[in-house]
Amino acid sequence: MLDLVVLVSGGGTNLQAIIDRIADGTLAGVRIAGVVASRPGTFAEERARRAGIPCRIVRRGDYGDLSAYDRAMIQALSAWPAGLVVLAGFLSLLGPEFVARYANRIINIHPSLLPAFCGPGLYGIRPHEAALEYGVRVTGATVHFVDEHYDHGPIILQKAVPVRQDDTPQSLQLRVMQEAEQVILPQAIALYAAGRIKTNGRKTIIEGDY
Ligand code: GRF
């Protein structure tokens, strides 16, 4: 059994995709042991409650520095078994202490085809605004391992979606979420659960077809 701890900050659509894939049997042998939200009152927290998943709140603003925040996050997660930590729409930067504690066991979903449209400030709707501003014809989502830099660790999966001439940032975000994020995040978790992802320096190798 692979126990997940899922970190959230907003609407929780990526959390919901994991919950739904576990419920429909696609993600066999996986369970969500707990959820940590970066602020109170998120709909992600409500989704966890409806699914009977315990949820804790740890606010970055409650901690003076990154080290104190890291220790608070490590303390919060210590309540649960965490074979894999999944950042699902999570917006706080995790520091080196947290990343070291869960080395090579933290994955993130980013709403662009890395290395495009990423880094500090480029989260939520902003990668889609940047994609439209640049005029790209395709964009998409990336699942990657987390290191101590924003959106920087070894890439696991990517999925492209077309950018339409009449797209708004909102219509593009919805397509990326529905057709890319909510497909490749559960897929990456399944590959990890099956032990089929090997890291090779800057890159990953996925064993078998996927
Ligand atoms: C998603 O595009 C996610 O990639 C980004 O925020 C959006 C909402 O995520 N970080 P969620 O609904 O909270 O999972």
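Overview of values
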item: Condition met for P154 (under 24 Å from D70 (Cβ atoms), open to solvent by 20 Å² or more (accessible area, probe 1.4 Å), away from the ligand (no atom under 15 Å from the Cβ) and at pLDDT 95 or above); result: yes
item: Answer residue from segment 72-84, given it is assigned to a loop (DSSP other than H, G, I, E, B) and either within 16 Å of the ligand (Cβ to nearest atom) or within 16 Å of the chain's Cα centre (by Cα) (or both) and is nearest to R196 (Cα to Cα) among those; result: G83
item: Scope segment 94-148; condition at pLDDT 95 or above, open to solvent by 50 Å² or more (accessible area, probe 1.4 Å), in a loop (DSSP other than H, G, I, E, B) and closer than 16 Å to Q173 by Cα; matching residues; result: R137
item: Among the candidates R56, R31, residue that is open to solvent by 50 Å² or more (accessible area, probe 1.4 Å), away from the ligand (no atom under 15 Å from the Cβ), in contact with a Gly (Cβ under 8 Å, 6 or more places away or on another chain) and not in a helix (DSSP H, G or I); result: R56
item: Which listed residue, of K159, K203, is over 16 Å from the mean Cα position of the chain (by Cα), of a type outside the set (A, V, I, L, M, F, W, C) and either surrounded by 14 or more Cβ atoms within 10 Å (Cβ to Cβ) or under 23 Å from L94 (Cα atoms) (or both); result: K203
item: Given (1) surrounded by 15 or more Cβ atoms within 10 Å (Cβ to Cβ); (2) free of Cβ contacts under 8 Å to residues at least 60 places away in the same chain, number of the condition E181 does not satisfy; result: (2)
item: Residue list for segment 39-53, filter: in a helix (DSSP H, G or I), surrounded by fewer than 20 Cβ atoms within 10 Å (Cβ to Cβ) and of a type outside the set (K, R); result: F43, E46
item: Where a residue in segment 100-128 is more than 10 Å from the ligand (Cβ to nearest atom) and its partner, wherever it lies, is part of a loop (DSSP other than H, G, I, E, B) and open to solvent by 40 Å² or more (accessible area, probe 1.4 Å), with Cβ under 6 Å and at least six apart; result: G119/Y150; P120/Y150
item: Lone qualifier among L7, L91, L87 - being open to solvent by 60 Å² or more (accessible area, probe 1.4 Å), under 22 Å from F145 (Cα atoms) and within 14 Å of the ligand (Cβ to nearest atom); result: L91
item: Test for Q187: is it open to solvent by less than 60 Å² (accessible area, probe 1.4 Å), within 19 Å of the chain's Cα centre (by Cα) and of a type in the set (S, T, N, Q); result: no
item: Residue in segment 21-33 that is farther than 24 Å from R126 by Cα, touching a residue at least 60 places away in the same chain (Cβ under 8 Å), touching a strand residue (DSSP E or B) at 6+ places or on another chain (Cβ under 8 Å) and among the aliphatic types (A, V, I, L, M) present; result: yes
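Table: residues versus (1) closer than 18 Å to L84 by Cβ; (2) within 12 Å of the ligand (Cβ to nearest atom).
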| position | (1), (2) |
| --- | --- |
| D3 | yes, no |
| T13 | no, yes |
| Q16 | yes, yes |
| R21 | yes, no |
| R50 | no, no |
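The values are calculated or read from the model by the stated rules, or taken from the named source; none is laboratory data. Owing to the predicted nature of the structure, the values given are computational and were not obtained by experimental measurement. Quick reminder, even Gly has a Cβ in these numbers, built from the backbone with ideal geometry, and neighbours come from all protein chains shown. Keep in mind that these areas ignore ligands, DNA and RNA; they rest on the heavy atoms of the full protein, side chains included. Shrake-Rupley method; radii C 1.70, N 1.55, O 1.52, S 1.80 Å.
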